[in-house]
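Peer 1: I'd like to ask some things about the structure below.
Values quoted throughout were computed directly from the atomic coordinates according to the rules given, and no laboratory measurement underlies them. Here the structure is a predicted model, which means the values were calculated and not measured. Quick reminder, even Gly has a Cβ in these numbers, built from the backbone with ideal geometry, and neighbours come from all protein chains shown.
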Amino acid sequence: MVRWEHVYLLGTMVFRISGDVVRDFDEEYEAWSWLEQEGWGLVAIEPPDPIRPGACKYYFKRQRLPASETSATRITDSLQHVTQPEQRYRRNVARPEQRRG
């Protein structure tokens, strides 16, 4: 099952939807850059309130892998590193019929 994480950007601060501050940046550009590097995708823009003008709210989401899938990926990656040297060894070993006698 696909699970999503959600945050929003307000000025220079990135918040979770629950209201917790994730990061605070010196400039808005740094916040946008960080969101992009961390894999967040823009999904909605809330314009400023016309009665009380202010900054837009930018909503982002990214896919969150369950812990079981993440650990399975790590195990698979580790196994590839272990088996590759063995495969190279097998390729370099001559078969008895290929040996010069």
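Peer 1: Along the Cα→Cβ direction, 7 angstrom out, place labels at E28 and Q63. What is the inter-label distance in nm?
Peer 2: 3.1
Peer 1: Follow-up. If you place +1 on the Cβ of every Lys and Arg, -1 on the Cβ of every Asp and Glu, and leave all else neutral, what size is the dipole of the range 3-64 about its Cα centre, to the nearest 20 Debye?
Peer 2: Around 420 debye, computed over the range 3-64.
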